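The structure appears right after this line, and notes come after that.
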Amino acid sequence: MSGLRDAVAEGIAEGRMGERLWLYATYHCNLACSYCLTESSPQIADRRHLDRAAMLEAVHQAQELGLTCVGITGGETFMVPWLPEALAEIGEIMPTIVLTNATLFTDRMLERLQPLAGRDVALQISLDSDQPSRNDEFRGPDNFAKVLDAIPKLLNRGIRVRLATTVEYQTEAELANLCTLHRSLGISDDDHVVRSVVRRGRAVAREMGAELGADDVLPELTVTADGAFLHPFAPTVRNGRTDLDLLVSRQTRPLDRAMSRFLQVTAGLPSGADVVRNIR
Amino acid sequence: MPLPEVDEAPLLARAFYRADGSASALTRSFAIAAEMMETLMPFLGQIMDESSIDLPTKELVIMRVSQLNGCVYCLAAHRPVALDADVSDSQLAAVCDLAGLDSLSPRERAIIAWVDQVARDASGVTDALVAATLDHLRDDQLVELTVLAGTITMLNQYCTAFQIPPPGGGL
C-alpha cells in the first residue's frame, strides 16, 4: 500500500492526476436533461447504484491512498434513499462535493440534511440561466423555481451551496445576469462552476457540446457500478450502454486494484498535463 | 457480444490491438474485460507460440481440436497461420476432414491420437496411450501439448458460444 500511496502522491504532484475520488451514486434521475452524460432519466431500467457500504469503503481506502477529497455524482444523487446520512459519514472522512439538481429537497429531506451544516460538505446545484424558461428548456419544467426555492433553505440551515452552470447556448449577458443572481443568493464567485456541454451521452444524439480531447480533463479516479473510469466525464451512456473507451478497471473493490490500473493508464501522460478546457 | 474498435476499447485493452489499430474479432471480444486480457493474452502467446514444440505441430493440434469441436472461427483464423507455419495442404486435409491420418508421420499420428482422446474424453486416456505418446515426445512436451489442447477447446467453446465472426465474414 505504501508503494501505491507514493505513486499516487507522485502522480498528483506531477499534475497527471487529481486528488479527488469520484463516486457515481446512481444512474437514476428524476429529470432527463438534454445534455445528460449518462442518459439518466426516471425511465431507465437499470439504475446501477453503488451501495452505501461500497461508497464508504471506497472513501476510506481513497484516504489511505492519499486522495484528499470526494465528489459524488450521478444521475441525481438524492434519488439514493440513504444518501443524506451517508453524506454526513463521508463528510467526516474527507471534504465532499455532492452534485444535485436540488429538486427533491422537501422539508423532510432538508431536515435529514441538517447534520451537514458546518461540515465540509458542499451541495453543487445545477442552474443554467437566470431566466426560468431558458433554464427549464434544457433541465425540465419548473426546475428553475425549485432550485431557487431550495438554495435559500439550504443556506439558512448552514449548508454550503455551490452552483454549476453548463454552457452551450447562453450569451455573455445571460451568464453575467446569472452571476448577479447567485451573488444575490449569497453564493460567491468561487462557488460558481461553469463548464461547457461535453459531447458524450445524450449530447451526442442532439449534436450538443464539444468533443472531449484526450488532455481536456484531469484524470480523477471515478468509481461506478460498472467499474472504475478515468475521470467523471468518462462513464457516459449512449443508447443504453455504458461507454467503455475510458474504462480503467472493472474491479473497484478493493480500491487499490482500481488505483493500480488507473496509475498504469495515467503514467503515460506528460507531467503537468493538467487541462486545456479545465473541465472539472 | 460487442467487438469494440480501438478507439472504443477500454484503455488497458488498447495495448493488445495492433499498431495500426486493428485486432482480431476474438481479441476485440475480450476487450470489454480488459483486466482479464493482462493475463490471458500473454498466456495464449506462451501456449500457442513456438516453444519446445515446433509451430507446425502446434498448428496441426489447433486445427484438429477446432475441427473436433466444430469451431468455425478458429478453423478460419488458423488455416492461414498453419499454412504460414509450413503445414501442408495434405496435412491440413488429414486433420480437418477426419478422413484418415495415413499421410501424417508416425510422430504426428501419435500426437493426434493423444489430442483426440483428450478433446473427446480425457477420462479415457490409458497408460498405454501415455506410453505410446511418450515414444515421440518428452514428458514436458506432453504437458505443453495437453495444455494446448485444453486451451484450444476453451477458445472453441468461447468463440462458438458468442458466435465470434470468423475472418472473411460468416456466422
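Listed values, structure above:
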{"item": "Top-ranked residue in the range B:17-56 [being within 14 Å of another protein chain (Cβ to nearest Cβ) and among the aromatic types (F, W, Y); ranked as farthest from B:I164 (Cα to Cα)]", "result": "B:Y17"}
{"item": "Test: residue in the range A:187-206 that is modelled with pLDDT under 95, within 13 Å of chain B (Cβ to nearest Cβ) and in a loop (DSSP other than H, G, I, E, B)", "result": "yes"}
{"item": "Pairs with Cβ under 7 Å, 6+ apart, first in the range B:1-27 and more than 19 Å from A:V248 (Cα to Cα) and in contact (Cβ under 8 Å) with a residue 24 or more places away in the chain, second surrounded by fewer than 19 Cβ atoms within 10 Å (Cβ to Cβ) and acidic (D, E)", "result": "none"}
{"item": "Residue check for A:A176: away from chain B (no Cβ under 14 Å) and part of a strand (DSSP E or B)", "result": "no"}
{"item": "All positions within the range B:1-37 that are among the charged types (D, E, K, R) and buried (at least 17 other Cβ atoms within 10 Å of the Cβ)", "result": "B:R14, B:R28, B:E35"}
{"item": "The range B:131-149, residues that are among the β-branched types (V, I, T) and surrounded by 13 or more Cβ atoms within 10 Å (Cβ to Cβ)", "result": "B:T133, B:T146, B:V147"}
{"item": "Residue check for A:V217: within 14 Å of chain B (Cβ to nearest Cβ), in contact with a Lys or Arg (Cβ under 8 Å, 6 or more places away or on another chain) and over 30 Å from A:L4 (Cβ atoms)", "result": "no"}
{"item": "Breaking point among (1) at pLDDT 95 or above; (2) assigned to a helix (DSSP H, G or I); (3) surrounded by fewer than 24 Cβ atoms within 10 Å (Cβ to Cβ), for A:G3", "result": "(1)"}
{"item": "Unmet criterion (only one of (1) outside any helix (DSSP H, G or I); (2) in contact (Cβ under 8 Å) with a residue 40 or more places away in the chain) for B:C159", "result": "(1)"}
{"item": "Search result, residues across the range A:89-110 that are farther than 29 Å from A:T180 by Cα and either crowded, with 17+ Cβ neighbours inside 10 Å or without any contact (Cβ under 8 Å) to a residue 12 or more places away in the chain (or both)", "result": "A:I90, A:G91, A:M94, A:R108"}
{"item": "Any hit, the range A:30-38, residues being closer than 20 Å to A:V217 by Cβ, within 17 Å of the chain's Cα centre (by Cα), outside any loop (DSSP other than H, G, I, E, B) and among the polar types (S, T, N, Q)", "result": "no"}
{"item": "Some residue of the range A:248-266 being in a loop (DSSP other than H, G, I, E, B), within 14 Å of chain B (Cβ to nearest Cβ), surrounded by 15 or more Cβ atoms within 10 Å (Cβ to Cβ) and in contact (Cβ under 8 Å) with a residue 60 or more places away in the chain", "result": "yes"}
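Conditions tested, residue by residue: (1) at pLDDT 95 or above; (2) not aliphatic (A, V, I, L, M).
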| residue | (1), (2) |
| --- | --- |
| B:E8 | no, yes |
| B:E59 | yes, yes |
| B:L68 | yes, no |
| B:A82 | yes, no |
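The values are calculated or read from the model by the stated rules, or taken from the named source; none is laboratory data. This structure is a prediction, so every number in the text was calculated from the model and none was measured. For neighbour counting, all protein chains shown are included, and Cβ atoms are generated from backbone atoms with ideal geometry for every residue, glycine included.
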